[in-house]
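Since the structure comes first, as structure tokens, the remarks are kept for the end.
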Amino acid sequence: MINFKSCFGRARQRMMCGLLLVLGGLTQAQAQDSSLLVCPAGQIYMSTIEACQIVSDATYLSTSPDSGSTPSGADTIAIANVLANDTVFWSTDDTFEPDRVEPASIHYFQLAVVTPASHPGVTLNTSTGAVKAAASVPPGTYSMEYQVCFPGGFRMNNSTGEMTAETLSEKCAPPTAISITVTDQVVNTCDTSLGYTPVVTVPVGPATPVPSLGIFAVAGLAAFIAVLAWRSRHDGYKARMLAITGMAAAVSLLSLGGGSWIESVRAAGPYELVNPAGGTLADSSVPYADPAPLLTVTNTSGVRMRITANGNSAETGSCAVNSEIAPGASCTTQAYSCTPPAPLLPISVTAAPTNTCTTDIIASYPYNSSEPLDGLLYAYAPRLVNGPTFNETGVTTVISYVRNATEATYDGSHILSNREALTSGFTIVTSTAPDGYVFVPGNTKTMTWTLPYSCWNEPA
């Protein structure tokens, strides 16, 4: 049996490990620039020694349920790494060292989704262990299951010899639950809420005839009917029915006469107290600012209003509870429950682009300017062999190229002298991160590769 550290970090021992892998019966799938090697049945790939090995049941993975919460309205990371609370127990039977418990590193183990979340916008990145909630996910709680396994093989870079764990072995921990709560707090917003009611005033001087019943008259009439109905509730069956009808009429008059007392208004600014009967001014989409924005509220109802409630418990501003706002006047209130913008999510490059030449002729030049029949030099356009790849989706990539020269020059013998410049240049590959993401390292929205090329044929 191979000691975990026996082949780690030394070139000669890596070569020996490679020999052991071949002799061990590895299955190899060849790609253009890498090879996928799968360990024999019953073995796992050990990243620490870069070799396949049989591991006993005494060594095992231990996982714990994961949970996280995140605001809505943007792509956010609810859990940074589901393996952060998972461990692996290494038995002395397999390491020839004392038993020990270590964190389950994402670099050494493989993740797989067992049961997807009920909303497709809640996803587990099996390369990083991060659980993401997309902007499209509505508030609610979502569950999913994952499994962590020892790797069952590795991918080898044919150029550098670097080995990366890949594929799942049969040695896994039981499925583990993930619970994600998306709250109703929307990123990059604040809340505001004011309750208000008309101020009751006692008229001074002679009464003025009123052509119709206003809200207070209706309320008084409703109260009078209710009293009569209540006093008649014990006076026989018919009287009881009349009492019930009267009280119902009182309630109807109170709720319908002159408009409702409470009316919820969703405003988008400017903020106004518009209902003469009172109501609630509420907005949960106030643009975020730090400190929270101070909002101006104007009384456009035509009647004097009293503030009855303020969602901001600190009552910052002049719209304090029990303050009165005259028609046309304004007060101020500070927004609350502000949720900052979601942090930009990182995108890592998993493979850089590579380029080659096409057979598309972009220009031709006489090899001898005085003897055009001596042959032509053809310059060809470059192309990508492989585009860049990333650990997140949604990246857009565009390709262009710049030539070192486009005009031919000839020496004193009429021979083309800038052949290399005419047929060479740079392939420019530019990738742009989707909204809410940046490339790391550097935290930039774009990433650019400038790849040299030389595409030509011998003059014919």
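The values are calculated or read from the model by the stated rules, or taken from the named source; none is laboratory data. Here the structure is a predicted model, which is why all the values come from computation and not from measurement. Counting neighbours? That spans all protein chains shown, and the Cβs are built from the backbone with ideal geometry, glycine included. Just the protein is used for accessible areas: all its heavy atoms, side chains included, with ligands, DNA and RNA removed. Shrake-Rupley method; radii C 1.70, N 1.55, O 1.52, S 1.80 Å.
Can you find a residue in the stretch 387-402 that is in contact (Cβ under 8 Å) with a residue 60 or more places away in the chain and surrounded by 17 or more Cβ atoms within 10 Å (Cβ to Cβ)?
The first filter runs over the stretch 387-402 and keeps only residues in contact (Cβ under 8 Å) with a residue 60 or more places away in the chain, leaving 388, 391-392.
Restricting the remaining residues to those that are surrounded by 17 or more Cβ atoms within 10 Å (Cβ to Cβ) gives 388, 392.
Yes, the stretch 387-402 has at least one match.
Name the residue, out of 164, 201, 208, that is modelled with pLDDT under 80, under 30 Å from residue 315 (Cα atoms), of a type outside the set (A, V, I, L, M, F, W, C) and surrounded by fewer than 17 Cβ atoms within 10 Å (Cβ to Cβ).
The conditions single out 201.
If you check 365, 378, which single one turns out to be open to solvent by 60 Å² or more (accessible area, probe 1.4 Å) and touching a residue at least 24 places away in the same chain (Cβ under 8 Å)?
The match here is 378.
How about the stretch 314-342: which of its residues are free of Cβ contacts under 8 Å to residues at least 40 places away in the same chain and either among the small types (Gly, Ala, Ser) or within 14 Å of residue 190 (Cβ to Cβ) (or both)?
At the first step, the residues of the stretch 314-342 found to be free of Cβ contacts under 8 Å to residues at least 40 places away in the same chain are 314-318, 320-323, 326-332.
Passing the criteria: 314, 316, 317, 318, 320, 323, 326, 328, 329, 330.
Please indicate, with yes or no, whether at least one residue in the stretch 109-119 is closer than 19 Å to residue 71 by Cβ and out of contact with any strand residue (DSSP E or B) (no Cβ under 7 Å at 6 or more places or on another chain).
Among the residues of the stretch 109-119, not one is closer than 19 Å to residue 71 by Cβ and out of contact with any strand residue (DSSP E or B) (no Cβ under 7 Å at 6 or more places or on another chain), which makes the answer no.
Looking at this structure, is residue 349 closer than 30 Å to residue 78 by Cβ, among the hydrophobic types (A, V, I, L, M, F, W, C) and open to solvent by 40 Å² or more (accessible area, probe 1.4 Å)?
Taking the combined requirement at face value, the residue satisfies it.
Give the residue, chosen from 430, 448, 354, 409, that is hydroxyl-bearing (Ser, Thr, Tyr) and more than 30 Å from residue 127 (Cβ to Cβ).
Among 430, 448, 354, 409, only 409 is hydroxyl-bearing (Ser, Thr, Tyr) and more than 30 Å from residue 127 (Cβ to Cβ).
Please work out which one of (1) surrounded by fewer than 19 Cβ atoms within 10 Å (Cβ to Cβ); (2) modelled with pLDDT of 80 or more is the condition residue 32 fails and give its number.
Status for residue 32: all satisfied but (2).
Name, by its number, the condition in (1) in a helix (DSSP H, G or I); (2) in contact (Cβ under 8 Å) with a residue 40 or more places away in the chain that does not hold for residue 93.
Result: residue 93 fails condition (2) only.
Select from the stretch 167-181 the residues that are farther than 21 Å from residue 153 by Cα and open to solvent by less than 20 Å² (accessible area, probe 1.4 Å) and list them in ascending order.
Result: 176, 178, 180.
Take the conditions open to solvent by 60 Å² or more (accessible area, probe 1.4 Å) and touching a Cys at 6+ places or on another chain (Cβ under 9 Å) and apply them to residue 337. Does it pass?
Spelling it out, residue 337 is indeed open to solvent by 60 Å² or more (accessible area, probe 1.4 Å) and touching a Cys at 6+ places or on another chain (Cβ under 9 Å).
Does residue 168 satisfy being within 30 Å of residue 276 (Cβ to Cβ), out of contact with any helix residue (DSSP H, G or I) (no Cβ under 6 Å at 6 or more places or on another chain), among the aliphatic types (A, V, I, L, M) and in a strand (DSSP E or B)? Spell out how you get there, then give the answer.
Values: within 30 Å of residue 276 (Cβ to Cβ): no; out of contact with any helix residue (DSSP H, G or I) (no Cβ under 6 Å at 6 or more places or on another chain): yes; among the aliphatic types (A, V, I, L, M): yes; in a strand (DSSP E or B): yes.
Criteria not met by residue 168.
Which residue out of 98, 138, 71 is outside any strand (DSSP E or B), out of contact with any Leu (no Cβ under 9 Å at 6 or more places or on another chain), closer than 30 Å to residue 190 by Cβ and open to solvent by 20 Å² or more (accessible area, probe 1.4 Å)?
Answer to the selection: 138.
Return yes or no: is residue 178 in contact with a helix residue (DSSP H, G or I) (Cβ under 9 Å, 6 or more places away or on another chain) and at pLDDT 55 or above?
yes
Check residue 19 against each of (1) outside any loop (DSSP other than H, G, I, E, B); (2) open to solvent by 40 Å² or more (accessible area, probe 1.4 Å); (3) at pLDDT 80 or above; (4) over 21 Å from residue 147 (Cβ atoms) and name the one condition it does not meet.
For residue 19, the exception is condition (3).
Where residues in the stretch 102-130 are touching a residue at least 24 places away in the same chain (Cβ under 8 Å) and outside any loop (DSSP other than H, G, I, E, B), which of them is nearest to the chain's Cα centre (by Cα)?
Taking the candidates together, the pick is 122.
In this structure, is residue 61 modelled with pLDDT under 85 and either within 29 Å of residue 117 (Cα to Cα) or assigned to a strand (DSSP E or B) (or both)?
No; evaluated as a whole, the condition is false for this residue.
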